[in-house]
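Everything below concerns the one structure shown next.
The values are calculated or read from the model by the stated rules, or taken from the named source; none is laboratory data. From a predicted model like this one, the values you see are computed outputs, not experimental measurements. Every residue, glycine among them, receives a Cβ derived from its backbone with ideal geometry; neighbour counts consider all protein chains shown. Just so you know, the surface numbers come from the protein's heavy atoms only, side chains and all, with ligands and any DNA or RNA stripped out. Shrake-Rupley method; radii C 1.70, N 1.55, O 1.52, S 1.80 Å.
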Amino acid sequence: MKLGIWVECEHEDSPFVSEERLNLFVERVSTLEISGLKVEAIYLQVLRRGTAYFQSSHCEQAPIISNSYDPLRRICERLSEQGIAVHAWINCCNFGCTPSARALEQLGADSLIHDHFGTSIASYEHWSTPRNPSLSHFSVDTPGAWIDPSSPTLAPFLQHSVSELLEGYPLLSGIHLDFIRYPYMLPIRPGAAIPFGLDLGLGPALRRFSETLSTPMEAESHFNAPGIWRDDALALRFDQWRRTQVTSLVQSIRATVGTRLSLSAAVLTWSDRAYLSAFQDWRSWLQDELLDAALLMSYSADLQHVRHMIASALPFQGKHSRVHAGIGCYKLSGAPEIRTQLESVAELGAEGAVLFSYCSTQKALFA
């Protein structure tokens, strides 16, 4: 079984912080061995909040990046010498709670997620909770400036970013997608046809959906109340349209990456929740071999739960598309529990396991 590790770009222990931290990181990952496994791949975060941790004319660059200092290039060179693959990890639809103003300006105000009352997430408190007191018990699953996958400006933005990575960093082994989905509200609404909860991905996106219909819809005539569809069939069609928007994003990035490099994605392990509420149909992505690997965020201290999650995903692998288990090290008490989970998912037949994350394993693995 292959071992990988996710590596954050914004943390006091990140290799992007300083030359000293970079050297320590390379030493640690190249010498780490756990349960007989050595690190074969890292998934290095390089695009977060719409800010680039690489040389970019397209995105706002992180202050540490300059013509004279390029940590990503140095990491690629150093780890290539060790035979460790570097995958560039990009946050696709969530631009965080302090998003790049330049990125939001490029994408446009209509690109932000709106709820079924037509309220933009920009109006939510801390990008998380509706300010309407009657809705204050709802919160977004992961706070941040969520970009609607149907926004016509998002795919070009991501494609341009990926193109810069491919052209500027020839030692990269792959592109890794994160937050490649819709957000969902807690409590969860499992699909538009369920007349409860707060739905996301409407507002300007509803107009885009309407344009796909043979007879453009008048919003008022299709709802009994905001978010309550009169026609379940049309509600299901809207869900499938949202699912298609996410899949189209993956397809556009696959077309940019081609077949020379690997394309992987971090996915919600609860496959039905992913499909029904986040419109992330990763099971089809695997079966259609749109991805080379799905990295399941199977983060739990409950070993039996982890086993159930991995076992349920394995049947959806294609001939060349594989499932890797994500191990939530931050939920575990230390190295013995990490080893136990690694050995257990290896026993199930997972192609690989990826530790989340480098910056949360300092005491457990590198003390």
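In table form, for the structure just shown:
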read-out: Largest-first principal axis extents of the Cα set of region 105-244 (Å); value: 54, 38, 26
read-out: Surface/4 of the Cα convex hull for region 1-80, nm²; value: 5.8 nm²
read-out: C-alpha long axis of helix 232-257 to longest principal axis of the chain, angle in °; value: 30 degrees
read-out: Per-peptide average of other Cβ atoms within 10 Å, ordering 161-174, 284-297, 108-121, 62-75 highest first; value: 284-297, 108-121, 161-174, 62-75
read-out: Exposure of HIS320 as accessible area (Å², to 10), given a probe of 1.4 Å and all protein chains; value: 120 Å²
read-out: Carbon and sulfur %, accessible surface of the chain computed with the full protein complex present, 1.4 Å; value: 50 percent
read-out: Rg in Å to one decimal, and Dmax rounded to a whole Å, for region 37-94 via C-alpha atoms; value: 12.4, 39
read-out: If the convex hull is drawn through the Cα atoms of region 226-333, its volume per residue in Å³; value: 137 Å³
read-out: FRET efficiency for ALA122 and HIS160, using Cβ-Cβ distance with R0 set to 25 Å, rounded to 0.05; value: 0.60
read-out: Separation in nanometres of the label points that stand 7 Å from Cα toward Cβ, at GLU20 and HIS222; value: 5.8 nm
read-out: Residue-level accessible surface for ARG28, protein heavy atoms, 1.4 Å, Å²; value: 50 Å²
read-out: Viscosity 0.890 mPa s, temperature 25 °C, Stokes-Einstein D of region 257-299 from Kirkwood C-alpha radius, µm²/s; value: 228 µm²/s
read-out: Rounded to the nearest 10 Å², the accessible area of TYR330 at probe 1.4 Å; value: 110 Å²
read-out: Percentage relative contact order, the chain, counting C-alpha pairs under 8 Å, at least six apart; value: 16 percent
read-out: For region 1-144: relative contact order, % (alpha-carbon pairs under 8 angstrom, 6 or more apart); value: 19 percent
read-out: The chain, accessible area per residue, ligands and nucleic acids excluded (1.4 Å, Å²); value: 41 Å²
read-out: Degrees separating the helix 335-348 axis from the principal Cα axis of the chain, which is the longest one; value: 70 degrees
read-out: Mean shadow area of the chain over all directions, Cα convex hull, nm²; value: 18.2 nm²
